[in-house]
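Everything below concerns the one structure shown next.
The values are calculated or read from the model by the stated rules, or taken from the named source; none is laboratory data. This one's a predicted model, so the numbers in the text were calculated from it and none came from an experiment. Using ideal geometry, Cβ is built from the backbone for each residue, glycine included, and neighbour counts are taken over all protein chains shown.
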Amino acid sequence: MRRRLYFLVPDSARAGQVMNELLLARIDDHHIHVLAKEGTPLGDLPEARLWDRSDLKEAISHGWGVGALIGALGGLVALGIPALHQLPAGALFAAAVLIGMAFGAWVSGMIGVSLPNRELKAFLPGVEKGALLMIVDVPKERVEEIQQRVRSQHPEVEFGGVEPHLPVFP
């Protein structure tokens with residue numbers, strides 16, 4: 001299980017130093033992401049993924065649920081249509097729910113990809129002023145160690161907190 005740490009770094013040069021510090025602490029570079037104002041040169045710093053910087057994850061999870069409900073209602077309505085009685089009722093209902101889930105996830109995902117991540121809202125003013133947000137995923141037993149290491153080596157870096165739960169798959 002991992003936890004997500006947020007560090008607001010004043011500039012890309014210091015972000016590179018923090019990145020090196022994290023690599024020395026054996027944090028793999030694919031667990032480090034940097035969010036910066038558009039047009040900011042990142043050099044070798046790993047840019048935040050779409051999954052991290054947009055509200056895509058949240059939108060898809062909501063869309064799935066709403067789509068399943070709408071699909072279930074559509075499936076119940078379809079069961080009342082006499083022309084569809086030739087199909088097995090269970091298969092018709094399951095297909096309606098699955099189609100509703102897929103459609104709901106797709107539509108809400110299209111909306112969510114254009115919205116900023118809600119979890120990053122507090123950091124966006126700093127990013128707009130030119131700071132870089134480093135998003136670091138660490139094993140939960142190393143949270144305090146990594147936080148202290150960055151603080152001791154880079155006092156100018158602002159620690160932004162810990163996200164309590166990080167899903168396994170992204």
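Of all residues in the range 7-30, those that are of a type in the set (Gly, Ala, Ser) have Cβ atoms under 9 Å from Cβ atoms of residues that are assigned to a helix (DSSP H, G or I), 6 or more apart or on another chain, in Ala25/Arg142; Ala25/Glu145; Ala25/Ile146; Ala25/Arg149; Ala25/Val150. Taken over the range 26-59, residues that are within 20 Å of Glu141 (Cα to Cα) and loosely packed, with under 15 Cβ neighbours inside 10 Å amount to 4. Residues in the range 4-25 that are closer than 15 Å to Arg142 by Cβ and out of contact with any His (no Cβ under 8 Å at 6 or more places or on another chain) were compared, and the one that is surrounded by the most Cβ atoms within 10 Å (Cβ to Cβ) is Phe7. For the range 79-90, the criterion of being of a type outside the set (D, E, K, R) and touching a residue at least 24 places away in the same chain (Cβ under 8 Å) is satisfied by no residue at all. Taking the range 112-145 as the range and being surrounded by 14 or more Cβ atoms within 10 Å (Cβ to Cβ) and in a helix (DSSP H, G or I) as the test, the residues that pass are Gly112, Glu119, Leu120, Phe123, Leu124, Gly126, Val127, Arg142, Val143. Report yes if Lys140 is basic (Lys, Arg), in the same structural domain as Arg14 (by TED's automatic domain parsing) and free of Cβ contacts under 8 Å to residues at least 60 places away in the same chain, otherwise no. Against the criterion (basic (Lys, Arg), in the same structural domain as Arg14 (by TED's automatic domain parsing) and free of Cβ contacts under 8 Å to residues at least 60 places away in the same chain), Lys140 does not qualify. A search for C-beta distances below 8 Å between a residue of the range 100-126 that is farther than 13 Å from Gly67 by Cβ and any residue that is among the β-branched types (Val, Ile, Thr), counting only pairs 6+ apart in sequence or on different chains, returns Gly112/Ile60.
Just the residues that are under 13 Å from the mean Cα position of the chain (by Cα) and either under 17 Å from Ala105 (Cα atoms) or hydrophobic (A, V, I, L, M, F, W, C) (or both), please, taken from the range 35-76. Hits for the range 35-76 are Leu35, Ala48, Leu50, Trp51, Ser54, Asp55, Leu56, Lys57, Glu58, Ala59, Ile60, Ser61.
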